[in-house]
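Since the structure comes first, as structure tokens, the remarks are kept for the end.
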Amino acid sequence: MTAIRPPAKDPAPPLLRVRDLAMTFPGRRRSAPVRAVDGVSFDLAAGETLGLVGESGCGKSTTGRMIVRLLEPTAGTVEYDGREIGRLSQRALKPLRREIQMVFQDPHSSLNPRQSVARIIADPLLVQGSSAAGARERALELMELVGLIPEHADRRPHEFSGGQAQRIGIARALATGPRLVVADEPVSALDVSVQAQIVNLMERLQRELGLAYLFVAHDLSVVKRVCDRVAVMYLGRIVEVGAKDRVYGAPAHPYTRALLSAVPLPDPAAERTRERITLLGDPPSPAAPPPGCSFHPRCPKARSVCRTEAPVLRLLAPGEPREVACHFPEEG
Ligand code: SF4
């Protein structure tokens, strides 16, 4: 498998290097094990945003959770700033936990309803050994940073709207001064108008704090706005990854083309005349993936080789910052 790197203009080693990451959940009762993530590899540079997209159940959220160690991978490695974190003891991992944080999809259910907002935001600092007074002071600063009113610090989460609750979740993620934030569908539970505010906030924080984001989402419009590069997942694997403009402008994998053909266009005339690609059926079960290319039962371009040989990720063309797993990629 080839490495999936940020554009070559950045000679610095990546902040995050993920190789052959896999997660297999045991099957219930007598059913087969579920291969939720099946050999995912990518790099993420400091200050960069990589979008991880795909339909529900494709393994994108599981990938994010393995990176923050909420789940232990079945196989593969996660290297952060040159250190393989799977090999570290809990003690050695503790300082690294400050640097890798997560923002969750449903802000209210990820916040303890019995705690004050100040306590929720301060919690990661208390876990890391900060004093109560110091952690509270930092929590008030963070409330201001994310656009909340510090005078509301002693309120409970239910007193905040969904957008404000997500700001609390973001403040909590920033408490320890991370360099990498895994954002798991951070705006999908919010109204569209509020989504834009949270995306603006995340972009501003990235500029001011130099954050790298792994932005997990199914909404391709949001991903297009926030990401530098995009990785498209299908049935536990990355099928296309590259610079955002290239992937959105000329998608090479049939699955990427189908996903993008369903994204509404802002121009009504273009929307009326565009080609829509309808995929056949639902994604197969990860407990019984099809042989060969796992996309072949739904692919409008499938040929006989697709049913027997699984395509690997390879560069689309020399000098093209994009990799595609397809025997017959579009090259236009
Ligand atoms: Fe379609 Fe074949 Fe490419 Fe798979 S390898 S995406 S089935 S053309």
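Restricted to Cα atoms, the stretch 109-177 shows a radius of gyration and a Dmax of 10.5, 31 angstrom.
Applying both filters, DSSP loop and at most 10 other Cβ atoms within 10 Å, to the trypsin sites (Lys or Arg not before Pro) of the stretch 100-183 gives Arg114. Take every Cα pair under 8 Å whose residues are at least 6 apart in sequence, average their separation, divide by the length of the stretch 109-177, and the relative contact order is 45 percent. Scanning the chain for GluC sites (Glu not before Pro) lying in DSSP loops with no more than 10 further Cβ atoms inside 10 Å, the longest uninterrupted stretch between such sites is 1-274. First check a/c for the chain, with a ≥ b ≥ c the square roots of the eigenvalues of its C-alpha gyration tensor; if it is under 1.5, answer rounded, and if not, answer prolate when a/b is larger than b/c or oblate otherwise. In terms of gyration-tensor shape, prolate. With a simple spin-label model that places each label point 7 Å from the Cα along the Cα-to-Cβ direction, the separation between Glu203 and Arg91 comes to 4.6 nm. For the stretch 1-132, what does the alpha-carbon gyration tensor say about shape, rounded, prolate or oblate, given a ≥ b ≥ c as the root eigenvalues, a/c under 1.5 as rounded, and a/b over b/c as prolate? Oblate.
Dipole size in debye (nearest 20) for the chain around its Cα centre, Lys and Arg Cβ +1, Asp and Glu Cβ -1? Don't skip to the end; give the middle numbers.
Values: 44 positive and 37 negative charges, 177 e Å.
The calculated dipole for the chain is roughly 860 debye.
Computed over the alpha-carbon atoms, the stretch 78-193 gives an Rg to Rh ratio of 0.99, Rh here being the Kirkwood radius from the mean inverse distance.
Restricting attention to the chain, lysine pairs at least eight places apart or on different chains and with alpha-carbon atoms under 21 angstrom apart total 4. Beta bridges from DSSP with both residues in the chain: antiparallel share about 60 percent, rounded to the nearest 5.
FYI, it's all coordinate maths here, none of it is from the lab. No experiment lies behind these values; they were computed from the predicted model shown. Every residue, glycine as well, gets a Cβ built from its backbone with ideal geometry; the counts of neighbours run over all protein chains shown.
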